[in-house]
Each structure stands twice: as structure tokens, then as C-alpha cells.
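This report concerns only the one structure given below.
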Amino acid sequence: PSLSPSALEDIMTSLKDGSTFSMIDALAILRAAMVVFAGEDSVNFVDATENGSVVVVGDLHGQLHDLVFIFDQKGMPSEDNKYIFNGDLVDRGNHGCEIAILLCALKVAYPKFVFINRGNHEEAFINIYSGFEEECLGKYDHKVFQMFHRVFDWLPYACVVNSGVFVIHG
């Protein structure tokens with residue numbers, strides 16, 4: 001799938017309207033994201049520009065409306081508006097797949113502006129008992145669920161912001 005800024009806006013609009021990613025697009029985005037994450041260190045260093053910001057978002061837990069609200073309030077990722085998603089993207093809510101795929105798409109499109117830390121809910125055992133596996137199998141199949149975990153296995157554990165703030169899921 002194209003991950004140009006206009007394509008990402010179209011994806012956001014589609015998700016707001018209740019659409020989900022096709023299986024082909026989901027797998028393509030997840031594969032591309034896995035390559036990006038595999039090239040990162042376990043700890044990322046994130047610096048805000050002089051007039052910019054770093055927005056730290058934690059524990060979305062499949063709540064797509066919360067993510068949409070944050071983007072509406074804070075804007076989309078850019079050089080002056082970096083994001084750290086501090087784990088627990090999935091489980092509990094009904095839109096963990098959409099959140100994880102959207103954030104992976106943003107990571108592929110903006111690898112220096114979007115950072116995703118691994119939380120305890122990006123772990124297969126927890127997903128089996130906390131709802132993400134059921135959600136994923138209802139929307140896709142076991143192959144996609146396994147691909148999510150291949151991506152999750154590559155997620156960094158932490159970020160350091162402006163050489164002074166340590167961000168880790170805990």
C-alpha cells in the first residue's frame with residue numbers, strides 16, 4: 001500500500017468510518033514495519049526540535065477513538081511533532097488490529113518521527129488471554145496474528161527523550 005501523507009490521511013478517514021485494513025495491506029504493512037524495527041536499537045534516542053514536541057502516548061489498549069482524538073488534538077507525526085507510543089497497543093479494546101497496523105504504517109512512513117515501545121501486551125501469551133488473539137482471528141487469520149508477533153518481537157523497549165527523560169513501559 002502507498003504510505004504517502006495523503007494515503008495516510010485516507011487510511012485515517014477510513015478507520016474513523018469503521019473500515020479495517022484488508023489482509024493483503026495488513027500483511028504488507030506489518031512486513032515493512034518488521035524490517036524498520038529490525039534496524040533499530042533496543043533503546044531509541046528522540047530529540048524534539050527547538051520549537052517542536054515529543055508526544056508520549058501510553059496504553060491505547062485497542063481504543064481507536066482515543067488515538068484519533070490524540071491525533072486530532074496534537075496533529076499527525078512530523079519532524080516538529082514526534083510521537084512515542086509506550087506499549088500496550090492491543091488487548092481489551094475492539095480495535096487493537098487497526099491501531100497496531102496504523103502505527104506500523106506511520107512508523108514505515110515516518111521512521112524518525114514515530115517510535116513504538118514494547119509493552120507487556122505485545123506478548124503472545126498475554127494476547128491469548130486478554131482478547132487480541134480473538135480479535136485478530138475474527139478480522140483476519142492465524143497467519144496475521146503470527147505476523148503481529150513477529151513485529152512485536154522486534155519492538156524496542158525504551159526511548160530517551162532529549163538526553164534526559166527515560167520512557168519505558170512499566
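Summary table below
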{"quantity": "Cα-based helix-to-principal-axis angle, 96-109 vs the chain, degrees rounded to 10", "calculated": "50"}
{"quantity": "Residue-normalised accessible area of the chain, expressed per residue, 1.4 Å probe, Å²", "calculated": "48"}
{"quantity": "Cα shape, segment 66-108, gyration tensor, a/c 1.5 rule", "calculated": "prolate"}
{"quantity": "Residues in segment 139-170 reached by a label modelled at Asn120 [backbone nitrogen below 12 Å; 7 Å Cα→Cβ]", "calculated": "169-170"}
{"quantity": "Crossing angle, helix 23-38 versus the chain [Cα axis fit, 0-90 degrees, rounded to tens]", "calculated": "40"}
{"quantity": "Net charge dipole size for the chain [Lys, Arg +1 and Asp, Glu -1 on Cβ; Debye, nearest 20]", "calculated": "220"}
{"quantity": "Nonlocal amide H pairs with Val57, under 5 Å, H built at 1.01 Å", "calculated": "Ile84, Phe85, Asn86"}
{"quantity": "Ranking by accessible area, most exposed first, for Arg118, Arg92, Arg31, Arg150 with a 1.4 Å probe", "calculated": "Arg92, Arg150, Arg31, Arg118"}
{"quantity": "Table column - 3J(HN,Hα) (Hz), segment 124-130, Karplus curve with 6.51, -1.76, 1.60, x for Gly and Pro", "calculated": "4, 4, 5, 4, 5, 9, 10"}
{"quantity": "Amide H contacts of Arg92 (H built 1.01 Å from N, under 5 Å, at least 5 apart or other chain)", "calculated": "Phe132"}
{"quantity": "Amide H within-cut-off set for Asn44, under 5 Å, with H built and near neighbours excluded", "calculated": "Ala158, Cys159, Val160"}
{"quantity": "Rounded percent of accessible protein surface that carbon and sulfur make up, the chain, 1.4 Å probe", "calculated": "52"}
{"quantity": "Whether segment 15-94 is rounded, prolate or oblate, judged on the alpha carbon gyration tensor where a/c under 1.5 counts as rounded", "calculated": "oblate"}
{"quantity": "Base-10 log of normalised Debye intensity for the chain (one unit scatterer per alpha-carbon) at q = 0.14, 0.15, 0.16, 0.20 Å⁻¹", "calculated": "-0.66, -0.77, -0.89, -1.46"}
{"quantity": "Mean separation of Cα contacts under 8 Å (6+ apart) over length of the chain, as relative contact order %", "calculated": "29"}
{"quantity": "Difference of contour (0.36 nm per residue) and Cα-Cα distance, Ser6 to Ser19", "calculated": "3.0 nm"}
{"quantity": "Hz values of 3J(HN,Hα) by residue in segment 158-166 - Karplus curve (6.51, -1.76, 1.60), Gly and Pro given as x", "calculated": "7, 9, 10, 9, 6, 6, x, 10, 8"}
{"quantity": "Pairwise Lys count, the chain - Cα closer than 29 Å, eight or more residues apart or different chains", "calculated": "14"}
{"quantity": "By average C-beta atoms within 10 angstrom, highest first, the peptides 76-89, 94-107", "calculated": "94-107, 76-89"}
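The values are calculated or read from the model by the stated rules, or taken from the named source; none is laboratory data. Since we're looking at a predicted model, the values are computed, not measured. Every residue, glycine as well, gets a Cβ built from its backbone with ideal geometry; the counts of neighbours run over all protein chains shown. We work out accessible area using only protein heavy atoms, side chains counted, and drop any ligands, DNA or RNA first. Shrake-Rupley method; radii C 1.70, N 1.55, O 1.52, S 1.80 Å.
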